[in-house]
Structures are given as structure tokens and as C-alpha cells.
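The values are calculated or read from the model by the stated rules, or taken from the named source; none is laboratory data. Every value quoted in this text rests on a predicted model; they were computed, and no experiment measured them. Ideal geometry is used to build each Cβ from the backbone, glycine not excepted, and the neighbour counts take in all protein chains shown. All accessible areas refer to the heavy atoms of the entire protein, side chains included, with ligands and DNA or RNA removed. Shrake-Rupley method; radii C 1.70, N 1.55, O 1.52, S 1.80 Å.
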Amino acid sequence: MKIENIQLRNFLLDSNLVDEAKVEQLYNEAEKKKKPLSDLLLEKELVNEVELRKLFAYILGVPFVNLEKETIPSDILQIIPEPIAKKYNIVSFEKKGNNLKVAMINPDDLQTIDFIHKKTGLKITPCLTTSESIKEILKQYEKSLKAEFGDIINKDAEGVAESSDEDLEKIAQDLPIIRIVDTLLKHAILQGASDIHIEPDEKEVRVRYRIDGVLHDAMILPRQVISGLVARIKVLTNLKLDEHRLPQDGRFKIEKEGYKIAFRVSILPIFDGEKIVMRLLNESSKGLTLEKMGLTGNALEIIHREIKRPNGMILVTGPTGSGKTTTLYTVMDILNRPEVNISTVEDPVEYRMPKINQTQVNSKIGMTFAAALRSLLRQDPDIIMVGEIRDSETMEIALHAAMTGHLVLSTLHTNSAAGALPRLTDMGAEPFLVASTVNVIIAQRLVRKLCPDCRTEYKLTEKEIELLKDTFDLDEILKTLKNDSEFSKKIKKTATWKDIPFFKSKGCEQCHKEGYRGRVGIYEVLEVNDEIGKLITANASTFEIEKKAKEQGMITMSEDGFMKIIEGATSIEEILRVTKE
């Protein structure tokens, strides 16, 4: 699709879509650099892709369609086979009589249009669309297979018999078992699951997927498939096939067009067989940023300032599954420059990161966090990431490393940011050492995001406000929201909880009737300054430290949660689910 820069410039000037001076400036820059003007417009974020494609459609005289939120009937979608759709970025979305409408990135591709016409015998009407639309519709090819998954599995499961240890290697290579495992993995990837649980029972095998932090039943399989499933996954993971009494851990990878997923596998003997849990780690996903994770305002500024210091300790706290490791990886990604040496000690190594030295803990051979950290300090590191501070020895080495010129990143299991400081002293750290080495503590939880397509606004009733007062200090939260420099613009000074809009969602096709899609973090960020340092040295309680931090402007996790509720990012039910202790 060739649109000359001069053509695009003239249409932009006529449409008043972009400031005239900016158009002229970018046009001259595009001509000088011999670059498409459209690329520069997107780079500078003066137009989005949808606006630009609409303009292209107008210039070319073809219809424009946005299919990002559309569900195409399977029979129409399958008119163009998946391999052709992927190769040429073309999908069929509407058929009336002998006419077929197709969405394309390049409607000038007459060869492909002619090929589809000859293959289908239909009259083709090309429409211009966005790359995001094509990407979403291509996913539907796989989603349309979902209906067949249950049939495939049940049919294949019927052909599987119970097997003895001698048959395990053979059954692991059998076509029915291979197809069942492949289907389970593919289904999980399509649904965006973070974990797969395969749990044998007395009479059946239950498969569950953890999606957006919540477990969902996926399917029930006949009991006779469990030995084959376990054997197949052990073969993929290079584990011992004949070991059924001891837990085993391993990993394997699936690389296909469009995604690269690492599976971390844990097999545990239970009363009815062996339970398998697989953690899915998407290695093809683009790097996260602290902003995308949900950090904003003063909290974000503090973290960016503190991670640039040459020494000290950055601690991330929260329960299992609250996204602590993801936060540390994101910070390391920001700090990962050629002039620094970053080394990690992890259990296990979650994601492989380029140009970072990652060490796996193995306590069976004496490679504990403390032993690995002690050796690592002789490797001339600038930045050290310790997966978790579990014992006093690891804590002591980490604190001394932070004091002697290293930046140390680590995690602790505490419920709040302020709670991490007394926890370190309880583990045997000297209070003055904690006060002088800890730079900042980030406490976090993950909440599910409301689906933007079925989100609706509502106001709290008197009864709901009274119930919430039992869990939260609503008066203090409202006061904080009104005093926050950025957030106060959204709430009037005279507003009460009855006036403030809240959001909930009904469930739709886009979110599979769940009402939620994706997750975002809620945070509290405590900066250890001189006044907080004095309280730590004086062995102050968690309550006293938190009170002082709030006086200095710290937004608590509950307050950050309410900010995200009012912004429409999440619901009150989610904040209650993750913050109630």
C-alpha cells in the first residue's frame, strides 16, 4: 500500500487532524530522512493507528473496518484458511449472498484478492483495517477450535488404558496422549492462564487453569489417562519416568509462530497419584514498565530515584503470587546497561534475562541463598538480586552487601511496607544497619482489571458505605484522595462517598463472561528517610513507622486501591479480596 508523503500531508492539512505547523515540520523531516510521513506521525503519537488507517482508507477510496472487538462466525472465518490469513494478513468477516468482505492491511494486494476469489468463487470486497484487528481475528482461528477440544480429549481418552511402569515410555509416545497434552497446553495459552493444575482423584482427573490470579475448572478427564499424562509431561521435562514417590521439578519450552512459552513443572506424589502444576512463563511478551504495572505519581518518582542510587537495598513485599518477582525483573530491566554487572540468586530462575548472570539455588548440594550470595560477592557485581530473604544468614549478607557499595534488590513476605522493617530486626538485623541500608520498600498486591467493554458506573448506597467502614477507614481514604495533587482534580472538595462513581462489569464475549480482563498492581511505597531511619533505630513498631510515613505523604495500599476503583480500573470486590487479612 503506497501512499506518497505529499498525498498524506495534503489530506492532513485538509482534515485539520494535526496542527498545520506540526504537519509541515514532520513532512520536511520525512522527506529529508526519506521515511514515510505515517511512521513519524505514529512515533510522535500525533495520531493513533486507527485514525491513520481511516485516513488511508479515505485516500485510497476503500471502506475502513475496526474488528478488534468483533467475533466472526466460525463458518465465515474459515472461508480463508488460517495459513493464508496469517501469511497475507487477510481475514473474511462478512458474507452476503455471493459477496465476501475481507479485511486487509494492504488492500492494494490484488494478487491475494484474486487468489481468494478463484479459491472461493465469491466476489471479494477488500476493506482496510489495523494490524491490531488482524491480530485479534487471527486468535479466533484458534478459539474456534476450543469447541472441538472437549470432543478430541474425550475421544482420545477412550483409547487410553491404564498402564504399568514398563509401558510408561511407550504410552508417553502414543498419539492419543500426545494430543491430549498438546490440547491442554494450547487451551491454557489461548486463555492466558498463568498456571495449569492437573489433579488426580479417586474416579477422575480434574484440570484447572489459573487465569488473572483465580483458578477456573477447565475440564474433567477419565481416571485412566493420568499415568499417560504424567509420563508424557515427564518425557517433555526430562524427568525420571519410574519415580513416583518423590517430588520432581523441571522445565520445557514451546516455541511457535507468535509465542514462546516456558513451562515450569512441579510433580508432587499425592494419595491418588501424582499432581502436576505447570507455571506458564511468556518469554515472548514485551518488557513491562513500572507505569504499565500500575505505579503512578509520587510512588513512581520515588522508585525511579531510589533505584538509580549506587548502593542500598530495595525491598518488595507481599504474599505469594502478588507479582513481587515481576517488579524486581522490571527494575532490573531498567537498570540493565552495558556498564553495570547485574547478578541474581533465584529459586527458581523464572525468566531468562539477556546480559544478566542468573544463579539457581540448589539446597540439595549446599547451594543455598546464603552460599550463592557469598560467592557472588566475589564476582564484582554492581547490582545484586536475591530472590527472597528467607533466613537471618541471607539477610545479614544482603545488608552488608548493600552497605559496602552494592545495590541489592530482594523480596520479603510481609503484609505492608512498614511491616518489613521490624521483620528485619526480628530476624536479627541491627536496627541502625537497617536504617542506613534500606532505601525503599514496595508493598504490593495484584487485582483483576475490569473489562472495559462491559464496565458500568454506579454509586454506593448508604448500606454499602456502612459495610465498607467495617474494613476501611473511609474518612481517612477520602481525605487522602482529596489532598493528592493529581487525584484531587477528579473529586470535588465537597464530595462524599455517595457522590463518587464506582464501577462494576456485567461480563461479555470479550472477557468470556468473567467481567475482568488482565491484572494491575496496587502499591504502597515507603521511602526510608532520616525521620523513618530514627524510628527504626529506636525499635519503633509497624504502626508508628506507617503513621510517620503517611504524615510524609505515603499512599497506603488501600488508598491506591480506591484510586484505581474511581479510575475504573478495578472493583471494590477485588480490593476487598486482596487486602483483607
Compute the convex hull volume of the Cα atoms of the range 423-581, divide it by the residue count, and report the result per residue in Å³ as a whole number.
-> 131 Å³
Distance (nanometres) between label positions extended 7 Å along Cα→Cβ at ASP75 and ASN539 = 7.9 nm
Hey, which aspartates and glutamates would be in cross-link range of LYS96, C-alpha to C-alpha under 15 Å, not counting anything within fewer than 8 residues on its own chain?
-> ASP75
Solvent-accessible area of GLU94 with every protein chain in place, 1.4 Å probe, in Å² to the nearest 10 | 60 Å²
Cysteines without a disulfide-compatible neighbour (Cβ-Cβ under 4.7 Å), the chain | CYS127
Across 10 Å bins from 0, what is the distribution of all Cα-Cα pair distances for the range 1-63, in whole percents?
-> 22, 63, 15, 0
Straight-line reach from LYS234: which lysines have a Cα under 16 Å away, not including same-chain ones fewer than 8 places off?
-> LYS170, LYS253, LYS275
The ³J(HN,Hα) series, computed from each phi in the range 294-307 with the Karplus coefficients 6.51, -1.76 and 1.60 at θ = phi - 60°, rounded to the nearest Hz and given as x for glycine or proline, is x, 7, 9, x, 5, 4, 5, 4, 4, 5, 4, 6, 6, 6
For the charge dipole of the chain, defined by +1 on Lys and Arg C-beta atoms and -1 on Asp and Glu C-beta atoms about the Cα centroid, which residue among SER227, ILE442, ASN48 has the Cα displaced farthest towards the positive pole?
-> ASN48
With every protein chain present, what is the per residue accessible area of the chain (1.4 Å probe, Å²)?
-> 51 Å²
Grab the Cα-Cα distance for LEU17 and LYS459, subtract it from 0.36 nm times how many residues apart they are, and report the gain in nm with one decimal.
-> 155.4 nm
Separation in nanometres of the label points that stand 7 Å from Cα toward Cβ, at GLU243 and VAL50 = 5.3 nm
In debye, nearest 20: dipole of the chain around its Cα centre with unit charges on the Cβ of K, R (+) and D, E (-)?
-> 1220 debye
Virtual spin-label span in nm between ILE270 and LYS490, 7 Å along Cα→Cβ = 4.1 nm
Derived scalar couplings ³J(HN,Hα) [the range 35-52; Karplus, 6.51 cos²θ - 1.76 cosθ + 1.60; whole Hz; x for Gly, Pro] | 10, x, 4, 4, 4, 5, 4, 6, 4, 7, 6, 7, 9, 9, 5, 5, 4, 5
Accessible area of HIS400, 1.4 Å probe, to the nearest 10 Å²?
-> 80 Å²
Full extension between LYS33 and GLU476 adds, at 0.36 nm per residue less the Cα distance, a length in nm of 153.9 nm
Under 21 Å between C-alpha atoms, the lysine pairs in the range 428-483 lying 8 or more places apart or on different chains count 7
